[in-house]
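*Asks:* Let me begin by handing over the structure; questions about it come next.
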Amino acid sequence: MARDSLDRRHWHSVVVLTGAGISAESGLGTFRGAGGLWEQQRVEDVATPEAFARDPELVYRFYNARREHLCAGEVQPNAAHRALAELERSFPGNLALVTQNVDNLHERGGSRRLYHMHGELMKMRCQRSGSVFEAPAYFDAADRCVCCDEEGSLRPHVVWFGEMPLHMDEIHALLEDCDLFVAIGTSGNVYPAAGFVQVARQAGATTLEINPEITEGSGLFHHQWRGPATEQVPRLVSLLVGNQGTSV
Ligand code: BV8
């Protein structure tokens, strides 16, 4: 049952959820695509608390390699990141940007207000105090913690499988209040993010999926725009800030 047509002019409250696909055209690997990150490493080996306890050096190496790649000059925000930053500046209603990504390309593309529900690659956390600090490109168990001066207490400030994502109460409140929910570049494999579309639908929101491929969750969306984020997200922003009519 298709909810409102997307070229309604007055959306009041929009929630945008992004996944690894929005950073794909910036040169950052996705997780489950061909050659994806999880193909090189089994999730269980690098992205769970058990993995970190079992082989911390492997986990430090996995995140140091991703941080090094993210900080390399050739990885830059793309037109989709920049379009969402423009949306934050120009949209007359309420916009909430929730990302599953741990990269910093939304910030570098100009977004100022966003929820990193799976943490941030460029941050590290003391396992004793829970304090969070900006991370250098490289750190491991030999580095002394900023707050307790202990070796081995710093970990990536990233949400691993089996750990509770961040900002969940705020995100649920936003989903229950939104009239438009847009998922961009996510395969709909990982929960609780994959369930957000259902929360939004139950709240009466119109839902849109932007992805070049059909995903696990495609059937849950009222509308699907098939194509890469750098094409479809500027189209969405034009629609929402009223620059031009867009046929759906
Ligand atoms: C939780 C940070 C409960 C790490 C990530 C057993 C035990 C515990 C939990 C579970 C369990 N079994 C299942 C679960 C739940 C689990 C889960 O969902 N597992 C899945 C695999 C079944 N979830 C969790 O564990 C979560 N926590 O449930 O806690 C709890 C309750 C109480 C108390 C304590 C705990 C935590 C999940 C977070 C895991 N961390 N990331 C890191 O990054 O290293 S998840 C990881 O996957 C990334 O964050 C990534 O963003 C996310 C989702 O992937 P996608 O973003 O969708 O990326 P993907 O590659 O899959 O898809 C890319 C898409 O882009 C594709 O569709 C492609 O078509 C598209 N695309 C490609 N090119 C483009 C494009 N789109 C647009 N433009 C393009 N150009």
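Where a number appears in this text, it was derived from the coordinates with a stated rule and is not lab data. Computed from a predicted model, the values in this text were never measured in an experiment. Cβ coordinates were reconstructed from backbone atoms using ideal geometry, including for glycine residues, and neighbour counts include every protein chain displayed.
*Asks:* For a quick check: sort His172, His116 by the number of other beta carbons within 10 angstrom, fewest at the front.
*Replies:* Sorted ascending by nearby Cβ count, the order is His172, His116.
*Asks:* Could you point to the residue in Gly219, Leu95, Leu121 farthest towards the positive end of the chain's charge dipole, with +1 and -1 charges on the Cβ of Lys/Arg and Asp/Glu respectively?
*Replies:* Towards the positive end, the residue furthest out is Leu95.
*Asks:* Here's another thing I want to ask about it. For an R0 of 35 angstrom, estimate the FRET efficiency from the Cβ-Cβ distance between Val43 and Asp149 and round to the nearest 0.05.
*Replies:* 0.60
*Asks:* Name the residues whose placed amide hydrogens come within less than 5 Å of the amide hydrogen of Tyr115, ignoring near sequence neighbours (fewer than 5 apart) on the same chain.
*Replies:* Leu97, Val98, Thr99
*Asks:* Going by the alpha-carbon gyration tensor, a ≥ b ≥ c the square roots of its eigenvalues, is the range 175-225 rounded (a/c under 1.5) or, if a/c is not under 1.5, prolate (a/b greater than b/c) versus oblate?
*Replies:* oblate
*Asks:* OK, next. Once the convex hull of the alpha carbons of the chain is built, what does its volume come to per residue, in cubic angstrom?
*Replies:* Spread over its residues, the Cα hull of the chain gives 119 Å³ apiece.
*Asks:* Label 7 Å along Cα→Cβ of His12; the range 77-102 residues with amide nitrogen under 17 Å?
*Replies:* Those under the cut-off are 92-96.
*Asks:* Given the options Leu236, Leu97, Leu166, state which has the largest fluctuation in a GNM of the chain using a 10 Å cut-off (strictly under) for Cα springs.
*Replies:* With Cα springs under 10 Å in the chain, the top fluctuation among Leu236, Leu97, Leu166 is at Leu166.
*Asks:* Turning to a different aspect of this structure: Looking at the range 112-248, I'd like the Rg to Rh ratio, where Rg is from alpha-carbon atoms and Rh is Kirkwood's inverse mean 1/r.
*Replies:* Result: Rg/Rh = 1.08.
*Asks:* First check a/c for the range 1-120, with a ≥ b ≥ c the square roots of the eigenvalues of its C-alpha gyration tensor; if it is under 1.5, answer rounded, and if not, answer prolate when a/b is larger than b/c or oblate otherwise.
*Replies:* Here the range 1-120 falls in the prolate category.
*Asks:* At 222 nm, what value in deg cm²/dmol follows for the chain if DSSP H runs of at least 4 each add -39500 (n - 2.57) and the sum is divided by all its residues, to the nearest 500?
*Replies:* -8500 deg cm²/dmol
*Asks:* I would also like to ask the following. For the range 39-86, just list the percent of Cα-Cα distances falling in each 5 Å bin from zero outward, please.
*Replies:* 4, 19, 19, 15, 13, 12, 11, 5, 1
*Asks:* How large is ³J(HN,Hα) for each residue in the range 84-89, as worked out from phi by the Karplus curve 6.51 cos²θ - 1.76 cosθ + 1.60 (θ = phi - 60°), to whole Hz, x for Gly and Pro?
*Replies:* 5, 5, 5, 4, 4, 6
*Asks:* While we're looking at this one, here's another question. Return a whole-number percent for the relative contact order of the chain, with Cα pairs under 8 Å and 6 or more residues apart as the contact set.
*Replies:* The normalised contact order for the chain reaches 25 percent.
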